[in-house]
Each structure stands twice: as structure tokens, then as C-alpha cells.
1. Quick one: putting +1 on the C-beta of Lys and Arg, -1 on the C-beta of Asp and Glu, what dipole do you get for the chain around its Cα centre, in Debye to the nearest 20?
2. Please identify the DSSP H helices in the chain that span no less than 20 Å along the helix axis (Cα) and have a mean Kyte-Doolittle hydropathy of 1.0 or more.
3. Rounded, prolate or oblate: which fits the stretch 15-65, taking a ≥ b ≥ c as square roots of the Cα gyration tensor eigenvalues, rounded meaning a/c under 1.5, else prolate when a/b beats b/c?
4. Largest first and in whole Å, give the semi-axes of the chain's equivalent ellipsoid, each being the square root of 5 times a Cα gyration tensor eigenvalue.
5. For PHE171, PHE153, write out the residues from largest to smallest accessible area, computed with a 1.4 angstrom probe and no ligands counted.
6. Using just the helices of the chain, give the 222 nm mean residue ellipticity in deg cm²/dmol: DSSP H runs with n ≥ 4 each add -39,500 (n - 2.57), and the total is spread over all residues, rounded to 500.
7. Please report the accessible area of MET139 (heavy atoms, 1.4 Å probe, ligands and nucleic acids excluded) in Å², nearest 10.
8. Rank HIS111, HIS100 by accessible area, highest first, at a 1.4 Å probe radius?
Amino acid sequence: VFFLSLLGVSKISGRKLFLTGLTYCLASFLTYVMLGLGIFRFLLFFSGYSVLKIIFETALTGVLLVFAFLSFRDAWTFRKTGNSRHITLQLPGRIKERIHSVMRAGLKMPHLLAGAFCIGAVVTVLESVCSGQVYVPTMAFMARETGLNSRWFLLLLLYNIMFILPLLFLFFAAWRGTTLAVFLEWSRRNVVKAKTALGVFFLVLAALILMG
């Protein structure tokens with residue numbers, strides 16, 4: 001949404017906005033796939049050592065339970081206060097500032113689409129601090145269930161396609177004329193539902209890992 005606001009200030013609209021959005025989403029998708037490949041290969045290392053695997057999965061389950069608790073607490077806190085500053089599971093302020101500076105610098109590049117691609121790639125890496133809370137446990141579950149068979153890469157692509165769909169929707173909606181105020185209000189209205197759903201997801205994933 002911040003990126004869309006910068007594009008609006010820069011008077012980028014119409015076809016340029018559409019192509020910029022697609023380029024940003026493509027860069028984000030490719031970067032997440034590359035990160036997923038690295039994470040997956042790293043996790044497969046543990047599968048060959050039973051003791052390390054047990055230690056890792058036990059630690060991961062504990063982390064997921066902590067994340068579930070924090071997600072439910074964030075939902076409750078936001079419902080009571082309506083203040084996003086009290087939310088625990090979010091990007092640290094310094095990383096947010098870094099992302100904002102990357103976006104501003106990228107839009108100053110001579111070629112808009114090249115800038116959008118660079119922004120998408122760098123921002124994705126920075127945001128992985130937050131998105132990794134879901135990505136790493138999901139990759140761990142996939143690594144255990146599929147190993148090196150041909151299905152794991154298709155699942156990796158499917159995961160990242162589903163991950164990128166909201167970004168595509170945001171850019172499409174902006175291209176069709178949806179204002180930033182609408183995006184912000186929708187986001188604020190659904191914080192409690194999103195945090196609750198995330199907490200449930202963490203619990204389910206922890207249960208699946210324990211059942212294995």
C-alpha cells in the first residue's frame with residue numbers, strides 16, 4: 001500500500017501502473033521461489049540425521065506455538081485498542097523504514113520497470129523477516145512430506161502463486177481506480193480476522209508436525 005501511495009504521488013497511472021505492478025509482483029514471486037529453494041535444501045539436511053531432525057522439529061513446534069499465542073494476543077489487543085503499534089508480529093520499525101527508502105530510491109531509477117523489479121526483489125528479502133514466520137514452517141512440513149520427489153517443486157510454486165495473488169489483486173484494484181483510503185480501511189477492518197486466522201494456521205501446522 002505504501003508503494004501504491006508512492007506511485008500515486010509520482011503520477012504513475014493507467015498502463016504504466018499496470019505494468020509496474022506486474023513487474024513488482026514478478027520480482028517478488030521469483031525472489032520468494034529462490035528463497036524457498038534455499039530454505040528447502042537447508043531443511044533437507046536435517047532429514048538425513050534423525051537426532052537433528054527431532055531437535056529441529058521440536059524447536060519448530062515450540063516456535064509455532066509461541067507464534068500462535070502472539071497472533072491471538074495481537075488480535076485481542078487490536079480489538080481492544082485499535083492501535084497497530086501494539087501488534088507484536090509485524091515488521092520492525094527499522095525494516096519498514098528501510099523498505100520505504102528502497103522504494104523511493106527504486107522509483108528514481110531511469111527506467112521505471114527496472115526500478116520496480118529491483119524494489120520487488122529487495123523488499124521481498126526484507127519482508128521475509130516477517131513472512132518467514134509462515135514460510136519456513138511450511139517448507140519444513142513440505143520437506144518432510146515430499147522429500148526430493150517431483151511434487152515438492154510444484155507445491156513450492158503453488159505456495160508462492162497463492163502468496164502473490166493478494167499483491168496482484170491490490171495492483172489490479174488500484175489500476176481500476178480503487179483509492180488508498182479504501183485499501184487502508186479494508187486492512188484495518190480485517191486485522192482481527194487475519195491475526196486470528198494466522199494463529200489457527202500456526203496451531204494446525206504445529207499439530208501436523210507433531211503428528212509426523
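1. On the way: 21 positive and 6 negative charges, 127 e Å.
Here the chain has a charge dipole of around 620 debye.
2. Numbers: long enough: 14-47 (49 Å, 1.33); 50-81 (46 Å, 0.95); 93-107 (21 Å, -0.33); 112-146 (42 Å, 1.19); 151-175 (35 Å, 2.00); 191-211 (30 Å, 2.20).
Helices passing the filter in the chain: 14-47, 112-146, 151-175, 191-211.
3. Values: a/c = 9.47, a/b = 2.80, b/c = 3.38.
Here the stretch 15-65 falls in the oblate category.
4. Working: eigenvalues 208, 101, 40 Å².
So the three semi-axes of the chain are 32, 22, 14 Å.
5. Working: PHE171 20, PHE153 80 Å².
Correct descending sequence by accessible area is PHE153, PHE171.
6. Working: 8 runs with 180 residues, N = 212.
So the helix-based figure for the chain works out to -29500 deg cm²/dmol.
7. 0
8. Details: HIS111 135, HIS100 55 Å².
So, going from the largest accessible area down, we get HIS111, HIS100.
The values are calculated or read from the model by the stated rules, or taken from the named source; none is laboratory data. Predicted model only: the values in this text are computed from it and were never measured. Every residue, glycine among them, receives a Cβ derived from its backbone with ideal geometry; neighbour counts consider all protein chains shown. What goes into the accessible areas is simple: the full protein's heavy atoms, side chains included, and nothing from ligands, DNA or RNA. Shrake-Rupley method; radii C 1.70, N 1.55, O 1.52, S 1.80 Å.
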